[in-house]
Amino acid sequence: MSIEASTDERASILLVDDMEDNLIALEAVLGSLNEPLVRARSGEEAMKALLRQRFAVVLLDIRMPGMDGFETAANIKRLDQTKDVPIIFLTGTDSDAGYAFRGYATGAADYLTKPFDPWVLRAKVTVFLDLHRKNQQLERMLAREEAQLDELTRRLHAIESSVAADGPADRAELRQHVRHMEDLLHEMRRGRGL
C-alpha cells in the first residue's frame, strides 16, 4: 500500500457523553468531516469501544454517572493499546475551575467548555485526524523498511555463506545478491525522499 493511498483512509472519532442532546450536537458539528463517529454513553462503553477499534481522537465529557471523564481518561492512558489516543475533554461552563488542570494532569490533549464554538472544535479535531493519518503512514513506512532490512540481512547471510563455503564462490550469484541489495537500498532512500 502506498503512502498516498493512506491519506484516503477514514479515522474514527469517539464521542463520549451521557446526554443524547450533546451527542447529537457533536455529530452535527463533526458530521461534515466525513469520518466515522462512534457514540458511547458512559466511560465503560467508551473503554469497550476503544478496545474494539482504533480512534484518531476521543471527545470526552467530564461529568457522567458511574465512571466519570477523569476516570475514563486515566483508564485510557493506562492501557498500552489506548495510551496514545488524544483526548479532548468537554465540560459545562459552570464546571469547577480546577477541572482544566485535572484534565490536563490526567493526560488530556485539550479542554473545551460547553457551549463550544463549532469551528474551534472542528479545527481541533481536524488536527488530531491529520496527526492520526501521519502516524499511520509512518507505521506503514517503518513496517516496509523493516521488511526490506530483513531481506538485506537474508542476502548478506547468503553472500557470507557463499564466501565461507569451501569451494569457489559463484560470482554471478554474488553479483545478483549485491544488485538486489543495492535495489533495496535505493528503494528505501526513495521512500524517505533522500
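Computed values, structure above
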{"item": "Criterion violated by Leu60 - all others in (1) surrounded by 20 or more Cβ atoms within 10 Å (Cβ to Cβ); (2) at pLDDT below 90 satisfied", "result": "(2)"}
{"item": "Any hit, region 108-115, residues being surrounded by 15 or more Cβ atoms within 10 Å (Cβ to Cβ), of a type outside the set (A, V, I, L, M), in contact with a Lys or Arg (Cβ under 8 Å, 6 or more places away or on another chain) and under 30 Å from Ala25 (Cα atoms)", "result": "yes"}
{"item": "Output for region 1-28, where each listed residue is open to solvent by less than 70 Å² (accessible area, probe 1.4 Å), modelled with pLDDT of 95 or more and β-branched (Val, Ile, Thr)", "result": "Ile13, Val16"}
{"item": "Selection status of Asp84, open to solvent by 30 Å² or more (accessible area, probe 1.4 Å), assigned to a loop (DSSP other than H, G, I, E, B), modelled with pLDDT of 90 or more and not hydroxyl-bearing (Ser, Thr, Tyr)", "result": "yes"}
{"item": "Test for Val127: is it at pLDDT 95 or above and not in a helix (DSSP H, G or I)", "result": "no"}
{"item": "Residues of region 105-124 that turn out to be outside any helix (DSSP H, G or I) and more than 20 Å from the chain's Cα centre (by Cα), as a count", "result": "6"}
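The values are calculated or read from the model by the stated rules, or taken from the named source; none is laboratory data. Quantities reported herein were computed from a predicted structural model and do not represent experimental measurements. Counting neighbours? That spans all protein chains shown, and the Cβs are built from the backbone with ideal geometry, glycine included. Quick note on the areas: whole protein, heavy atoms, side chains included, nothing else; ligands and nucleic acids left out. Shrake-Rupley method; radii C 1.70, N 1.55, O 1.52, S 1.80 Å.
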